[in-house]
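Since the structure comes first, as structure tokens, the remarks are kept for the end.
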Amino acid sequence: MTKSYMEYAILGGGALGLMAAYRLAQAGHSVMVFEQEKIAGGLAAGFRVGDDAEAWLEKFYHHLFRTDKTAIETIKELGLGDRLVWSHPRTVTLSGGEIHQLDSPFNLLLFPPLRLDERLRVFAVLAFLKLTTSAPLEGKTADAWLRRWMGKSAYQILFEPLFESKFGALREQIAMPWFWARVHDRTTYLGYLRGGFQLVYERLVERISEKGGKVLLGTRVEKVEQLEDERWRVQSSRGTWTVDRVISTLPTRLTCRLIPALPEDYRARYEWGQAYGAQCLILALDRQLTDSYWVNICDPGYPFTGLFEHTNFRPPGEYGGRHLVYLGNYRAMDDPLFKMSKEEILDEFLPHLRRIRPDFEPEWVKESWLFQAPFAQPIVTTDYREHIPPLRSPLKGLWTANMFQIYPHDRGQNYSFALANQLVHELEKE
């Protein structure tokens with residue numbers, strides 16, 4: 001690791017920050033993690049489902065793919081490998097008012113809304129994306145590329161509605177490498193940690209503490225400034241500390257706000273881009289709603305982007321018999337949806353469940369929870385790559401690592417762990 005003992009302040013206690021802290025603590029360094037929320041894990045954090053349930057449930061739906069090698073290795077390293085289970089839950093598409101299973105090449109070749117020649121063309125495009133790298137797709141937008149190579153009709157039925165519901169007015173600007181990663185990285189078998197992924201973050205906190213590190217939950221960082229001796233002062237809601245190095249895993253714009261000393265040319269290039277917020281309304285029903293885990297909604301008029309019935313992935317018995325359904329959205333941060341109360345959102349969303357299951361009654365909902373997170377989905381445009389900040393900042397002893405840097409892959413636990421390992425490897429060279 002680094003040649004001498006160092007004191008680190010790590011801003012953000014999500015997957016990336018905790019993993020970096022763990023690796024540095026393993027190497028004998030002093031680490032202090034500052035996390036504003038009262039629970040560790042960031043966007044992957046969970047909550048307890050009722051007093052009688054032992055399991056955690058993620059605030060925003062999560063699973064692993066077989067390709068998530070770093071996450072799988074991390075789970076095993078932390079002694080949780082026996083809890084990692086794999087299954088092949090149903091993924092379906094709602095198109096033309098009908099639900100069609102669409103989670104394998106075989107299902108695609110039988111997909112009724114498309115003609116046989118259209119199915120074969122879509123199959124060929126997806127196979128190409130599985131086999132190629134993202135390099136040939138740089139500079140191209142997903143909307144234009146897919147429309148050309150899949151064919152206008154197939155694209156409009158299968159993918160345009162998903163881009164429209166997720167990105168709205170920005171859908172035509174999304175870069176093709178982002179879509180490539182969505183296809184290339186995914187597998188039909190999905191992994192889940194029995195008891196919830198929160199167990200990973202609780203275990204990381206334990207390991208960091210065992211090695212002398214500190215994880216300060218419920219602690220807001222207010223200002224970070226470099227001193228004359230090139231050390232760093234971190235001011236927080238729980239006090240002030242002085243350290244040798246700072247690692248910020250916060251969004252770049254927030255890092256720039258907390259550290260006024262970052263130069264203007266850095267800000268001009270890297271304090272850039274847009275990101276949508278995420279919202280999940282979670283319902284606990286007294287019965288099963290559908291027979292599928294993942295429902296892609298390709299019909300217009302729904303106020304949510306997708307429906308994810310978690311207890312068609314894991315058994316309801318793990319959650320006290322509750323049937324758990326996520327209704328998810330990504331929206332611009334100024335969208336009125338983020339200002340609505342949970343009760344208002346329930347009133348708007350629940351009637352649409354009858355379009356999926358006509359006999360649905362609101363009385364089936366026994367509990368509900370609403371979670372929101374800003375800057376959860378970066379808007380990946382064709383010039384995005386030019387604005388990815390380096391791990392090393394222009395200020396000595398300040399390093400940055402966040403979701404913006406995992407391009408072209410989409411946000412996820414696996415790539416956060418991998419970036420943390422890469423960051424610590426770079427720090428080793430210092």
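The figures follow:
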{"quantity": "Residue in the range 15-32 that is open to solvent by 30 Å² or more (accessible area, probe 1.4 Å) and at positive phi present", "calculated": "yes"}
{"quantity": "Residue within the range 12-34 that is at pLDDT below 95, of a type in the set (Lys, Arg) and farther than 23 Å from residue 329 by Cβ present", "calculated": "no"}
{"quantity": "Filtered residue count, the range 49-73, keeping only those that are over 16 Å from the mean Cα position of the chain (by Cα), part of a loop (DSSP other than H, G, I, E, B) and either under 20 Å from residue 186 (Cα atoms) or in contact (Cβ under 8 Å) with a residue 12 or more places away in the chain (or both)", "calculated": "7"}
{"quantity": "Hey, residue 145 touching a residue at least 60 places away in the same chain (Cβ under 8 Å), assigned to a helix (DSSP H, G or I) and over 30 Å from residue 316 (Cβ atoms) or not", "calculated": "no"}
{"quantity": "Any chance residue 76 is in a helix (DSSP H, G or I) and touching a strand residue (DSSP E or B) at 6+ places or on another chain (Cβ under 8 Å)", "calculated": "yes"}
{"quantity": "Residues located in the range 302-350, provided they are open to solvent by 60 Å² or more (accessible area, probe 1.4 Å), over 22 Å from the mean Cα position of the chain (by Cα) and of a type in the set (Asp, Glu)", "calculated": "343, 344, 347, 348"}
{"quantity": "The range 277-301, subset of a type in the set (Asp, Glu) and out of contact with any Leu (no Cβ under 8 Å at 6 or more places or on another chain), residue most open to solvent (accessible area, probe 1.4 Å)", "calculated": "291"}
{"quantity": "Among residues of the range 152-175, those that are over 17 Å from residue 304 (Cβ atoms), touching a residue at least 24 places away in the same chain (Cβ under 8 Å) and part of a helix (DSSP H, G or I), counted", "calculated": "7"}
{"quantity": "Within the range 241-276, considering residues that are among the polar types (S, T, N, Q) and more than 23 Å from residue 173 (Cβ to Cβ), the one surrounded by the fewest Cβ atoms within 10 Å (Cβ to Cβ)", "calculated": "242"}
{"quantity": "Residues satisfying the stated conditions in the range 33-48, i.e. surrounded by fewer than 22 Cβ atoms within 10 Å (Cβ to Cβ) and part of a loop (DSSP other than H, G, I, E, B)", "calculated": "36, 37, 38, 39"}
{"quantity": "Residue list for the range 351-361, filter: within 17 Å of residue 302 (Cβ to Cβ) and open to solvent by 20 Å² or more (accessible area, probe 1.4 Å)", "calculated": "351, 352, 354, 355, 356, 357, 358"}
{"quantity": "The one condition in (1) farther than 30 Å from residue 196 by Cβ; (2) out of contact with any helix residue (DSSP H, G or I) (no Cβ under 7 Å at 6 or more places or on another chain) that residue 142 fails to fulfil", "calculated": "(2)"}
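Okay, residues lined up against (1) at pLDDT below 95; (2) more than 21 Å from residue 12 (Cβ to Cβ); (3) of a type in the set (Asp, Glu); (4) not in a loop (DSSP other than H, G, I, E, B):
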{"position": "307", "(1), (2), (3), (4)": "no, yes, no, yes"}
{"position": "318", "(1), (2), (3), (4)": "yes, yes, yes, yes"}
{"position": "321", "(1), (2), (3), (4)": "yes, yes, no, no"}
{"position": "327", "(1), (2), (3), (4)": "no, yes, no, yes"}
{"position": "345", "(1), (2), (3), (4)": "no, yes, no, yes"}
{"position": "366", "(1), (2), (3), (4)": "no, yes, no, yes"}
{"position": "372", "(1), (2), (3), (4)": "no, no, no, yes"}
{"position": "375", "(1), (2), (3), (4)": "yes, no, no, yes"}
{"position": "411", "(1), (2), (3), (4)": "yes, no, no, no"}
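The values are calculated or read from the model by the stated rules, or taken from the named source; none is laboratory data. Computed from a predicted structure; not experimentally measured. Using ideal geometry, Cβ is built from the backbone for each residue, glycine included, and neighbour counts are taken over all protein chains shown. Side chains are part of the model used for accessible areas, which takes the heavy atoms of the whole protein and leaves out ligands, DNA and RNA. Shrake-Rupley method; radii C 1.70, N 1.55, O 1.52, S 1.80 Å.
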